[in-house]
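What follows is a set of notes on a single structure, which appears directly below.
The values are calculated or read from the model by the stated rules, or taken from the named source; none is laboratory data. Since the structure is predicted, the reported quantities are computational estimates derived from the model, not experimental observations. Reconstructed Cβ throughout: ideal geometry from the backbone, glycine too, with neighbour counts over all protein chains shown.
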Amino acid sequence: MKVSLFITCLSDAIYPRVGEAMVRLLAKYGVTLDFPDVQTCCGQPAYNSGYWKEARETAKTILHAFEDSDFVISPSGSCTGMIHHYPKLFEKEPEWLDRAERLKRKSYEFTQFLVQVLGVTDVGAVFPHKVTYHPSCHGSRLLGVKAEPMELMRHVKGMELVPLPFAEDCCGFGGTFAVKMADISGAMVAEKTDHVLETDAEVLVGLDMACLMNIAGHLRYRNEPVRVMHLAELLYEGVSR
Amino acid sequence: MADTHKEWLEQLEEQSKAKQESFMTGIAKKLGRSRVTEPPAHPFRGAPDFWRTFQWPLEERIERFTDHFKAAGGNVERLSNLEDVKAFVVKLAADMNARYIIRQQETELDSLGLEEALPEANLSVWNSDPTENWKARAAEADIGIVMADYAAAYTGSITVLSAARKGRSVSLLPTVLIAVIPLERLKTRLGEILVQFDERGREQLPAGIHFISGPSRSADIENDLTIGVHGPGIVYALLVG
Amino acid sequence: MSAGKAVVRPGTVKERADLALNDDFLRKAVRFTTERLRGGKQKAAAEHGNWDEWRERGRQIRLHTIAHLDYYLNLFADNARANGVHVHFAETDAEAVKLSLAIAERRQAKTVVKSKSMVTEELHLNAALDSIGVEAIETDLGEYIIQLAGETPSHIIIPAIHKNRYQIAELLSADAGEELLPDTTILAGYVRKKLREKFLEADIGMTGCNFAIAETGSMVLFENEGNARMVTTVPKTQITLMGMERIIPSWEDLEVMATLLPRSATGQKLTVYMSGITGPRREADQDGPEEMHIIIVDNGRSLQLGDPEFQELLNCIRCGACLNACPVYRHIGGHAYGGTYSGPIGAVLTPALQKNVAEWDDIANASSLCGACYEACPVKIPLHDMLVYLRRRKVESGHGNRMESAGMKGFAAVAGKATWFKGAIKLGQLGQKLVVRNGCIRIKAGPLKGWNSYRVTPSLPKQSFRDKWKTLSGEVQAEAMPLSAETRSRMEQLVREREKGGGGHGGHA
């Protein structure tokens, strides 16, 4: 059984600790992750901006990298969501379309894999902190990852989970949107941050480092000491105490 | 150039019919097929199946209709017979000091004998004299009285159909509207009423079918609810039976 | 009355958005109302229950109708004509305007009372009527207010969402020639009285059309104020402008639309008035129009037919739920979109209704692609996907941004090859030394200018994940637990199901 890690650009370059937490946590359940190092980016920046030729070139590296895998796990609903767009991206290239369909069916976001495939909802973590959760749009809306993180968090001992007001609102990241429409994006992340601060939580947790980098960047800009973590990190920290 | 208005309309009609052909051919062409001229199978017609059998017993219909109509800002009275309706209308007219009242020309309303019971008021009966300006009579009225053709409990709606003896203005132009609803006309769902219009067929439909679910309202100024914008601001639904 | 005074707005969505972002009042007003509407919708949908099944039903009815539009539209036209309606077809906005003006001239109309219609906004019909000396009066309270202000609606359902009661009191006071207090009841009371006279003296009533029922040739209007009923009851002539896609087959289908539209728009079980109008007044009737015209308008709609990426756009029932759900709309308001339709639906519809790709501005870029619009849509239009398709079409037609194109080529080159990708991360780790202070990057120049105006960027750690992999992998191999037989068999089962074509585990189509 070959279970491969699709690390995604941000976790590779900026947040390797997220990948590490996933690898170590899954090992406890007998899943030793494989890491094909020919993988690069899912191609979402190009896809979303309308540069599909470029997105296809990038997507092919991913299709190639995970050709032999049985399961492909990523720490991002957005990047796994991008893999769900591959069939559309290759709709006019039958030889790639078939590979795209296959990759789509075997791709899982981290909590999806943990809950749906491994059947794990209680990792035995203890995390005595006040935490709020931001459900990232692509993971929750487009992949439908809603119940899984809730189940996992519900079982964390000592943790106080405070509901985030208007949790389902976008944080304003949107990839190139944050650069092209910087002022609108800035207004959105400011509002999201206000809501995070309203909860009085010590920790903001989520399932997507892009959104979390965005909110963390604004928290830091305002000198607010809220700790920002991926759920994989939180769970791993919680079992390593 | 057409001489009379009628001739001009006929000219327009000719142009319209020619255009209709090219319009439809254009649509079919864009859809990539030849014209569809036979009724296509419509497997999704109307509400989902689970909804079609949904029924409340009479007492619950009364209760729900009352709740919903009141929640929308309307008033509901439960009365046993037309005698009570008469008493209610006479008292309301007296309390409001209504000087002008208009009602539809319907058997049940004729039988109330309101003309004798309210000698002080100027009570007119829609289209009782075809030479009268009936829109003006309705516009000056303090109270308009109609029979409901149907009512739906689920949405809290009254349905009125237009006819020579049943003006659309009577339920629209007066300040206060009173609708008399015999209990056997109170349905559970909107669909029970709507389907009857399909069954009657085009030729049997009146010009105006109006569903009324409370007093006229608007939230256009700062989302602040205002009652009685253009239509009646006070509406009474009298459930009888 | 100044009908449709032109308002000059800056050219790009970014410039228009900046205006809105700097208007604190506007942002607050829009946020307040959209939040209430969104909450109302969610409550109404939950209370009704099985919401996704109703959405799917609504979508199927719309898909079916549009897929057979030639049949149903033809049927509608024939039936409406049999009801005594004068039916007309307009391919362009100019044709629709010409027909409307010709009818107004023939009827020697002095005034036209209008109920809310987005199609007439598309056609700029008020200005056209004004140009031949016909006074067009908007009678929806919100529309009346923005007509006095010489503006256009900034929301499909709540046209004056961007105005507060003080601004409204000022406008209405000027109209009344006396000071009106900024109290909703007083202001609405003034408009009731003023427009009551207008309804009674108007020559023509003009409406839009929410739905047109093919099998009986009826047109259906949803409203709360009663002005649409006034407009279709009192004047002797009625003109209805209807988008060619407004069709549904039957009254039974109307139940589904009546379930979805009011709940999605305002959270109501049903609007106060839902009127089905089947032809002009009958011979013996004493009210309703003597003469009734329906102008069926294309104006770019048919461009979506047969286009697999955009045909679903014609399923839209104009409820405004996507505006209320959209975090971008909430911050910039409707006018920033620069077209008749605003919000997510406007960002797609405005360019889609125009043939000329080159003229699209960057409106499709004003979205973070969060998908809230799709989730809110009662007929499940994938607007977030359509925005991406629009961006792609612009790039493919050679109208992409030159800087961005170069950047994307570079991106593809780097991300297309793992060695280059690794090299790029390395380069970043080395290059950032110039700008990193205390583990973060705050420089507001170059590509990070916009981003860093609102954020602090984290620096890259010394080792990337792939740099660490070898060590990590070794450590984990040593400490890993064995995979349980039960889990293994479940995983094998999943792989087998997948090969048979199953293996769905969430995610949209």
So B:ILE101 ticks every box in (1) in contact with a strand residue (DSSP E or B) (Cβ under 7 Å, 6 or more places away or on another chain); (2) among the β-branched types (Val, Ile, Thr); (3) within 12 Å of another protein chain (Cβ to nearest Cβ); (4) more than 21 Å from B:GLY73 (Cα to Cα) but one. Which box is left unticked? (3)
Can you name the residue in segment C:175-232 that is among the acidic types (Asp, Glu) and under 29 Å from the mean Cα position of the chain (by Cα) and, of all such residues, is surrounded by the fewest Cβ atoms within 10 Å (Cβ to Cβ)? C:GLU215
Is it fair to say B:LYS86 is among the basic types (Lys, Arg), farther than 19 Å from B:ILE212 by Cα and either away from every other protein chain (no Cβ under 12 Å) or touching a Cys at 6+ places or on another chain (Cβ under 6 Å) (or both)? yes
Segment C:470-509 - residue that is at the interface with chain A (Cβ under 7 Å from one of its Cβ atoms), under 44 Å from the mean Cα position of the chain (by Cα) and part of a helix (DSSP H, G or I) and, of those, modelled with the lowest pLDDT: C:ARG498
Condition check: surrounded by 20 or more Cβ atoms within 10 Å (Cβ to Cβ), at pLDDT 95 or above, farther than 24 Å from C:GLU404 by Cα and touching a Phe, Trp or Tyr at 6+ places or on another chain (Cβ under 7 Å). Does A:VAL196 satisfy that? no
Kindly provide the set of residues from segment A:51-97 that are crowded, with 24+ Cβ neighbours inside 10 Å, within 11 Å of chain C (Cβ to nearest Cβ) and assigned to a loop (DSSP other than H, G, I, E, B), ordered by number. A:TYR51, A:PRO75
Can you name the condition, by its number, that A:ASP12 falls short on among (1) without any contact (Cβ under 8 Å) to a residue 40 or more places away in the chain; (2) over 21 Å from C:LYS426 (Cβ atoms)? (2)
Members of segment B:126-145 found to be part of a loop (DSSP other than H, G, I, E, B), touching a helix residue (DSSP H, G or I) at 6+ places or on another chain (Cβ under 7 Å) and under 20 Å from C:PRO280 (Cα atoms), listed by number: B:TRP126, B:ASN127
Residues B:SER128, B:SER124: which one is closer than 23 Å to B:ARG168 by Cβ, among the small types (Gly, Ala, Ser) and exposed (fewer than 14 other Cβ atoms within 10 Å of the Cβ)? B:SER128
Of everything in segment B:38-54 that's assigned to a loop (DSSP other than H, G, I, E, B) and loosely packed, with under 12 Cβ neighbours inside 10 Å, which residue is farthest from the chain's Cα centre (by Cα)? B:GLU38
Failed item in (1) of a type in the set (Lys, Arg); (2) within 12 Å of chain B (Cβ to nearest Cβ); (3) surrounded by 15 or more Cβ atoms within 10 Å (Cβ to Cβ), with C:LYS28 passing the rest: (3)
Which fully enclosed strands (runs of 3 or more DSSP E) of segment B:146-241 have 2 or more residues being within 7 Å of chain C (Cβ to nearest Cβ), under 24 Å from C:LEU187 (Cα atoms) and aromatic (Phe, Trp, Tyr)? none
Applying the selection to segment C:148-166, what residues are buried (at least 24 other Cβ atoms within 10 Å of the Cβ) and touching a Pro at 6+ places or on another chain (Cβ under 9 Å)? C:PRO153, C:PRO159, C:ALA160, C:ILE161
Check C:GLU245, C:GLU225, C:GLU309, C:GLU255 and return the single one that is in contact with a His (Cβ under 7 Å, 6 or more places away or on another chain) and not basic (Lys, Arg). C:GLU225
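Does C:ARG81 count as touching a strand residue (DSSP E or B) at 6+ places or on another chain (Cβ under 8 Å), assigned by TED's automatic domain parsing to the domain that holds C:GLY279 and surrounded by fewer than 22 Cβ atoms within 10 Å (Cβ to Cβ)?
So C:ARG81 fits the description; yes.
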Looking at B:PHE44 and the list (1) more than 14 Å from chain C (Cβ to nearest Cβ); (2) in contact with a His (Cβ under 7 Å, 6 or more places away or on another chain), which single condition is not satisfied? (1)
Given (1) more than 7 Å from chain C (Cβ to nearest Cβ); (2) crowded, with 19+ Cβ neighbours inside 10 Å; (3) not in a helix (DSSP H, G or I), number of the condition A:ILE7 does not satisfy: (1)
Checking B:GLY32 against (1) within 7 Å of chain C (Cβ to nearest Cβ); (2) surrounded by 13 or more Cβ atoms within 10 Å (Cβ to Cβ), which test does it fail? (2)
Residues in segment A:152-165 that are of a type outside the set (Lys, Arg) and over 11 Å from A:VAL123 (Cβ atoms): how many? 8
Could you tell me how many of the residues in segment A:22-46 are within 7 Å of chain C (Cβ to nearest Cβ), in a helix (DSSP H, G or I) and crowded, with 24+ Cβ neighbours inside 10 Å? 2
Taking A:LYS130 as the residue in question, decide whether it is charged (D, E, K, R), surrounded by fewer than 22 Cβ atoms within 10 Å (Cβ to Cβ), over 16 Å from the mean Cα position of the chain (by Cα) and at pLDDT below 95. no
If you take the residues in segment B:96-115 that are among the acidic types (Asp, Glu) and modelled with pLDDT of 95 or more, which one is farthest from the chain's Cα centre (by Cα)? B:ASP110
Helices (runs of 4 or more DSSP H) contained in segment C:295-397 and holding at least 2 residues touching a helix residue (DSSP H, G or I) at 6+ places or on another chain (Cβ under 7 Å) and at the interface with another protein chain (Cβ under 10 Å from one of its Cβ atoms): C:327-332, C:372-376, C:383-396
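Residue-by-condition table, conditions (1) under 20 Å from the mean Cα position of the chain (by Cα); (2) charged (D, E, K, R); (3) under 22 Å from C:ARG391 (Cα atoms):
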{"site": "A:MET153", "(1), (2), (3)": "yes, no, no"}
{"site": "A:GLY158", "(1), (2), (3)": "no, no, no"}
{"site": "A:PRO165", "(1), (2), (3)": "no, no, no"}
{"site": "A:ASP169", "(1), (2), (3)": "yes, yes, no"}
{"site": "A:PHE173", "(1), (2), (3)": "yes, no, yes"}
{"site": "A:LYS180", "(1), (2), (3)": "no, yes, yes"}
{"site": "A:ASP183", "(1), (2), (3)": "no, yes, yes"}
{"site": "A:LYS192", "(1), (2), (3)": "yes, yes, no"}
Please give the number of the condition C:GLY450 fails out of (1) more than 7 Å from chain A (Cβ to nearest Cβ); (2) surrounded by fewer than 18 Cβ atoms within 10 Å (Cβ to Cβ); (3) not hydrophobic (A, V, I, L, M, F, W, C). (1)
Looking at segment C:233-254 only, could you name the residues that are assigned to a helix (DSSP H, G or I) and surrounded by fewer than 24 Cβ atoms within 10 Å (Cβ to Cβ)? C:GLU252
Can you name the condition, by its number, that B:PHE69 falls short on among (1) closer than 30 Å to C:ALA258 by Cβ; (2) without any contact (Cβ under 8 Å) to a residue 40 or more places away in the chain? (2)
